[in-house]
């Protein structure tokens, strides 16, 4: 399938479900080990993720949530920061180095989500624009963060519950000088079976509709 067709389907909200086998054999990826200064190995893939600015929206960074066993994740200690987290490496803007290197399958899922996010923002969604414009004084910023849940080492079933792939907005409880009031979270999930799920059009549209209604009510 051509890249254009794939990204177009993502923009239309087609479900992306990726088995771990497909992760390893996708023709769009080159699975090569890349040694780092710390001695860890990171999977080099088809296109390196990085921050971007598109239609006035910025992708500021990425985070990985690796769940293990039946315990819930210990935030923020267990969270891995950066597009390609490496054990012992400090991600830009963080105060503690990553506790481990991100699971290559989770990285590949993040790359799928990254492609989907770029494709969606390229459409310059009207409701998103209205929210960040009308809701500027309400803490809605045009900034995104890529979030990937990794349940490949989690118990099945997972007692705390598996997080859904979705778009949502996180606001700071207390404003911090020099820091954005919040971020749009583009959240994806890698299941215990290795299925990669990214945000879908219908729940995205529902969330934006509800959020826009709330923002408009606050400015009346």
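Please treat every number below as a calculation from the coordinates, not as lab data. All values reported here derive from a predicted model rather than from experimental measurement. Methodologically, a virtual Cβ is constructed for each residue, glycine included, from the backbone with ideal geometry; neighbour enumeration extends over all protein chains shown.
Quick rundown of the values:
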item: Exposure proxy order (Cβ contacts within 10 Å, fewest to most) of 166, 153, 118, 220; result: 220, 153, 118, 166
item: Segment 116-220: relative contact order as a whole-number percent, Cα under 8 Å and 6+ apart; result: 33
item: Peptides ranked, highest mean first, by Cβ atoms within 10 Å: ranges 68-78, 93-103; result: 93-103, 68-78
